[in-house]
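In what follows, a single structure is set out as C-alpha cells and then discussed.
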Amino acid sequence: MPDAGADRVERLRGWVLAVLVLGLFGTVTELVLLEHYEEPLQFVPLVLIAAAVAAIVWHLARASAASLRALQVVMGLFVLAGFAGMAAHFVGSAEYQLENDPTIGLWDLIEKVMRAKAPPVLAPGMMLQMGLLGLAYVYSDRRHRSRVLRALGLKTQQE
C-alpha cells in the first residue's frame with residue numbers, strides 16, 4: 001500500500017518549489033526594473049538567482065544527489081546573501097543619514113535607516129526567505145529523510 005504521508009510530503013515539496021520559482025522570477029524582475037546592477041555588489045542577487053534557476057532546472061531534469069547538493073549550496077548562499085545584503089543596505093542608508101545630519105543620535109539614526117525607502121534595509125530579506133524555502137525543499141527530499149531516519153536508528157517505510 002502506498003504511503004499517503006510520503007505522497008503528501010511530495011505534493012508539498014512541489015508547492016514549495018513552485019513558490020520558490022515564483023519568488024525567483026518576481027525578484028529578478030524587480031531587481032532589473034530597479035536597475036539593481038549599477039555597482040559590482042548589486043550583481044550578487046542576480047548571479048545567485050541565475051545559479052538557482054540553473055540548479056533547479058538541473059534537478060528537475062535529473063534528480064540526483066549532485067543536483068540536490070548544488071541546490072543546497074546555492075540556497076545556503078542565498079541565506080548568507082540575505083544577511084549580507086541587509087547589512088550593506090543598513091550601512092549605505094546610515095552613511096547617507098549621517099551625511100545629512102552628522103549630529104544625529106544612535107537611536108534616531110537607526111529609526112531613520114529602518115524607515116528609509118532607499119535603500120530598503122529589509123528588502124534583501126527576500127533572498128533569505130527564498131534560501132530557506134530552497135533548503136526546506138532540499139531537506140524534505142525522500143533520500144535525505146531516509147538518511148536521517150537511518151542515522152537515528154529508525155526504520156523507513158520502504159524497509
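The values are calculated or read from the model by the stated rules, or taken from the named source; none is laboratory data. Because the structure is a prediction, the values reported are computed rather than measured. Cβ placement follows ideal geometry from the backbone for every residue including glycine, while neighbour counts extend to all protein chains displayed.
Take the residues of region 82-113 that are loosely packed, with under 14 Cβ neighbours inside 10 Å and under 21 Å from PRO45 (Cβ atoms): which is nearest to the chain's Cα centre (by Cα)?
Just the residues of region 82-113 that are loosely packed, with under 14 Cβ neighbours inside 10 Å, to begin with: 87, 91, 95, 99-103, 105-108, 111.
Applying the additional criterion that residues be under 21 Å from PRO45 (Cβ atoms) yields 87, 91, 95.
Numbers: ALA87: 16, VAL91: 21, GLU95: 27 Å.
Only one residue fits best here, namely ALA87.
What is the residue count in region 1-40 for residues that are of a type in the set (A, V, I, L, M) and more than 20 Å from MET75 (Cβ to Cβ)? Steps first, please.
Of all residues in region 1-40, those of a type in the set (A, V, I, L, M) come to 1, 4, 6, 9, 12, 16-22, 24, 28, 31-34.
From the residues that got through so far, the ones that are more than 20 Å from MET75 (Cβ to Cβ) too are 1, 4, 6, 32-34.
Final tally of qualifying residues: 6.
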Suppose we filter ALA55, ALA84, ALA51 for residues that are over 28 Å from ARG142 (Cβ atoms), modelled with pLDDT of 95 or more and not polar (S, T, N, Q); which single one remains? ALA84
Give region 54-76 a look and list any residue that's surrounded by 15 or more Cβ atoms within 10 Å (Cβ to Cβ), without any contact (Cβ under 8 Å) to a residue 40 or more places away in the chain, touching a Leu at 6+ places or on another chain (Cβ under 9 Å) and not aromatic (Phe, Trp, Tyr), or say none. ALA55, ILE56, HIS59, SER67
Working only within region 24-53, note down all residues that are buried (at least 17 other Cβ atoms within 10 Å of the Cβ) and free of Cβ contacts under 8 Å to residues at least 12 places away in the same chain. HIS36
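Taking the criterion of being assigned to a helix (DSSP H, G or I) and farther than 30 Å from VAL9 by Cα, would at least one residue in region 61-73 satisfy it?
Just the residues of region 61-73 that are assigned to a helix (DSSP H, G or I), to begin with: 61, 65-73.
Now narrow it down to the ones that are farther than 30 Å from VAL9 by Cα: none.
No, region 61-73 contains no residue that is assigned to a helix (DSSP H, G or I) and farther than 30 Å from VAL9 by Cα.
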